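Everything below concerns the one structure shown next.
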Amino acid sequence: MEKGPFSVEWLAQSSRSGAQPTAAAQRPCSAARDTGGQEIPADLAEVGGGSVPGRPRTKFSAAQLQELERSFREQRYIGASEKQRLAAVLNLSQSQIKTWFQNRRMKFKRQTRDAR
């Protein structure tokens, strides 16, 4: 078998019936692909320190945080109707509300673990 540059495709090909790697697997990897199929420059993909193009980080206002925290104190897991209500009241998407609650639960878990 011909030795080519290391890649997942090459490894998969080489572990199967000894078949030759595909042309795509033989070309040098100058960029990685994320799950969305968008190319990420190799220097960002390898280091992992760069941000992937997409939605910028949401900066919640004090009023939004206050309302989100109040809702979290009442119930750690948000239901569909409450998520819809908060999204409308706070002018945020339901996805942002869901993500905030997920992150807040992880913060709560860290705080309670560290307090022990």
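Taking every pair of Cα atoms in segment 60-115, average 1/r, invert it to obtain the Kirkwood radius, and report Rg/Rh to two decimals.
Working: Rg = 11.3 Å, Rh = 11.5 Å.
Rg divided by Rh gives 0.98.
Here the simple spin-label model places points 7 Å from the Cα toward Cβ, and for residue 55 and residue 80 these points are separated by 1.9 nm. Length gained on full extension, residue 66 to residue 109: 13.5 nm, using 0.36 nm per residue less the C-alpha separation.
Throughout, read-outs are computed from the coordinates displayed, never taken from laboratory work. Fair warning: this is a prediction, and the values are worked out from it, not measured in the lab. Neighbour counts run over all protein chains shown; Cβ positions are idealised from the backbone, glycine included.
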